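The values are calculated or read from the model by the stated rules, or taken from the named source; none is laboratory data. Computed from a prediction, not measured in an experiment: that's the story for all the values here. Cβ coordinates were reconstructed from backbone atoms using ideal geometry, including for glycine residues, and neighbour counts include every protein chain displayed.
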Amino acid sequence: MPVTWLHGPAGTGKSAIARSLAQILDDEGFLAGSFFFFRTDSRRNSVDPFVATLAYQLSDSIPDTLPYIATVVEKDPTICSRSLETQFKKLIADPICTSESFVRKLLIIDGLDECINRMAILRVVFNNLSRLHGHVKFLIVSRPEYDIQRFFESAAASPGQRVDTIRLLGDLQAYDDVRVYLRDSFHRIKQTHPLQAHFTPDWPSDDAIERLVEKSSGHFIYASTVTKYIENDFDRPQKRLDDILKLRTSSQNPYGALDALYLDILTSSRADHHLLVSILSIVVQADRVPGIFSYNWVKIMKSTHMLESVLFLELGDGELALLGLKSLVGVGDTVNFWHKSFSDFLLDPSRSQEFQVTSALAYALMARCCLWLLSYNLPLAQRFQTTYSVVTILATGTFLATNAFCGHCFRLPVLIFFS
């Protein structure tokens, strides 16, 4: 099949499979290239760097495409600013077609659902299949989002189109893979943890491993979160493992154990829970409105400095508040979640309970972010863009934001802009 779609819900190990396969194929000389989309990284959340990255990899994996690609770039230095269709044809499809190498190779596209203009990727791939003559095949990996699923269903029903679909579920093979992952992770913890001298040879027991495998329901995200939680340098891994094994859930949801783990980590945090909800609300909502903001504005709103400013915290208080969530949240220049299943959890009140994030609070705090920016001496164009962002936020969540923030939100941006 020229195109294979590998899909499954959050935490089923899609990216782990894609990355492992990419490494194996690269070692064997059968990888044409790979691109891994990631929503919160400006370098990997849109089509902008997609073709250029693959063209660079292609010139290495199929060396006789290099002269052709170099000639294209030399003749048209602006090629990477052209339409996605033109870029793909000139830098990917045409070089492959002119190549004298007839070894079929695979091109991997992972995390397609995290690309903000993902339909453009699918269209350009399928539009060029006939031109590629099967020299390169595609593995596309994503969640089964509605628009992606509809596209593949339509493509499969079209005459002449051949699409293979693989659906990942918590099957027996996934359980075996999770078991291997956990054993490898615990071995690493025993070798690297500051308390490594205090581990017994039989820790963790086979029974503990099996109980974790059962709790995972075959989902890698559970195993990944567990190991991040246990390997904390400032606590005993044995105690943390015991705490996890004691968690109980009555939910029949396959994510019940993951929800219980998320709730336990959040509840155990020493930070004020209302403060945590405020911080998490901004991060979740900022990631969900890419059409309103450019990546730079989203990055500013998720920066620790901005979060501390709009929540009236002292410098460093934001990082301290998130200290207990290291297994769930990465804190650097910006605050990001290790896995987007955590966002899904926070947005569902039946799962997150008191830690549910609300659009009302998020819109209000993001509007405050923009208003805070307007207090600086910004250039006129940036002041206008920031003002527009405030109005757009409040228009998007009209009743939610005004109830949570204040009835004067719509007047404030205009007053500040013209002040």
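Mind listing whichever residues of segment 207-251 are assigned to a helix (DSSP H, G or I) and farther than 28 Å from Leu168 by Cα?
Pro237, Gln238, Lys239, Arg240, Asp242, Asp243, Lys246
Exactly one condition in (1) in contact with a strand residue (DSSP E or B) (Cβ under 8 Å, 6 or more places away or on another chain); (2) closer than 26 Å to Gly218 by Cα is not met by Asp184; state its number.
Failing condition for Asp184: (1).
Does Phe186 satisfy the condition of being in contact (Cβ under 8 Å) with a residue 24 or more places away in the chain and under 30 Å from Phe50 (Cβ atoms)?
no
Could you run through segment 17-53 and say how many residues are among the aliphatic types (A, V, I, L, M) and out of contact with any helix residue (DSSP H, G or I) (no Cβ under 6 Å at 6 or more places or on another chain)?
So the answer is 6.
Which one of these is at pLDDT 80 or above, assigned to a loop (DSSP other than H, G, I, E, B) and buried (at least 20 other Cβ atoms within 10 Å of the Cβ): Val357, Val335?
Selected residue: Val357, the only one of Val357, Val335 that is at pLDDT 80 or above, assigned to a loop (DSSP other than H, G, I, E, B) and buried (at least 20 other Cβ atoms within 10 Å of the Cβ).
Please enumerate the residues belonging to segment 132-160 that are free of Cβ contacts under 8 Å to residues at least 40 places away in the same chain and outside any helix (DSSP H, G or I).
Scanning segment 132-160 gives His133, His135, Glu145, Ser158, Pro159, Gly160.
Are there any pairs with C-beta distances below 7 angstrom linking a residue in segment 218-235 that is at positive phi to a residue that is surrounded by fewer than 22 Cβ atoms within 10 Å (Cβ to Cβ), with the two at least 6 apart or on different chains, and if so which?
Gly218/Gly170; Gly218/Asp171; Gly218/Ala174; Gly218/Tyr175
Sort through Ala18, Ala10 and tell me the only one that's on the phi < 0 side of the Ramachandran plot and modelled with pLDDT of 80 or more.
One residue alone meets the criteria, Ala18.
Just for segment 189-203: of the residues that are outside any loop (DSSP other than H, G, I, E, B) and not charged (D, E, K, R), which one is nearest to Tyr229 (Cα to Cα)?
Ile189
Looking at segment 305-332, which of its residues are under 25 Å from Thr227 (Cβ atoms) and either in contact with a strand residue (DSSP E or B) (Cβ under 7 Å, 6 or more places away or on another chain) or assigned by TED's automatic domain parsing to the domain that holds Gly8 (or both)?
Selection gives Glu319, Leu322, Leu328, Val329, Gly330.
What number of residues within segment 119-131 are touching a residue at least 40 places away in the same chain (Cβ under 8 Å) and either more than 16 Å from Lys89 (Cβ to Cβ) or not small (Gly, Ala, Ser) (or both)?
Qualifying residue count, segment 119-131: 8.
Need a quick list: helices (runs of 4 or more DSSP H) entirely within segment 1-88 having at least 1 residues that are of a type in the set (A, V, I, L, M, F, W, C) and within 30 Å of Val329 (Cβ to Cβ).
14-28, 50-61
Considering each residue of segment 47-97, count those that are under 19 Å from Asn128 (Cα atoms), hydroxyl-bearing (Ser, Thr, Tyr) and surrounded by fewer than 16 Cβ atoms within 10 Å (Cβ to Cβ), and give that number.
Counting residues in segment 47-97 that are under 19 Å from Asn128 (Cα atoms), hydroxyl-bearing (Ser, Thr, Tyr) and surrounded by fewer than 16 Cβ atoms within 10 Å (Cβ to Cβ) gives 3.
Looking only at segment 314-331, count every residue that is free of Cβ contacts under 8 Å to residues at least 12 places away in the same chain and either assigned to a helix (DSSP H, G or I) or out of contact with any Phe, Trp or Tyr (no Cβ under 9 Å at 6 or more places or on another chain) (or both) and tell me the total.
So the count comes out to 4.
Which one of these does Asp27 not meet: (1) exposed (fewer than 14 other Cβ atoms within 10 Å of the Cβ); (2) closer than 16 Å to Val125 by Cβ?
Failing condition for Asp27: (2).
Tell me which residues, restricted to segment 289-305, are in a helix (DSSP H, G or I) and either at pLDDT 80 or above or over 22 Å from the mean Cα position of the chain (by Cα) (or both).
Thr304, His305
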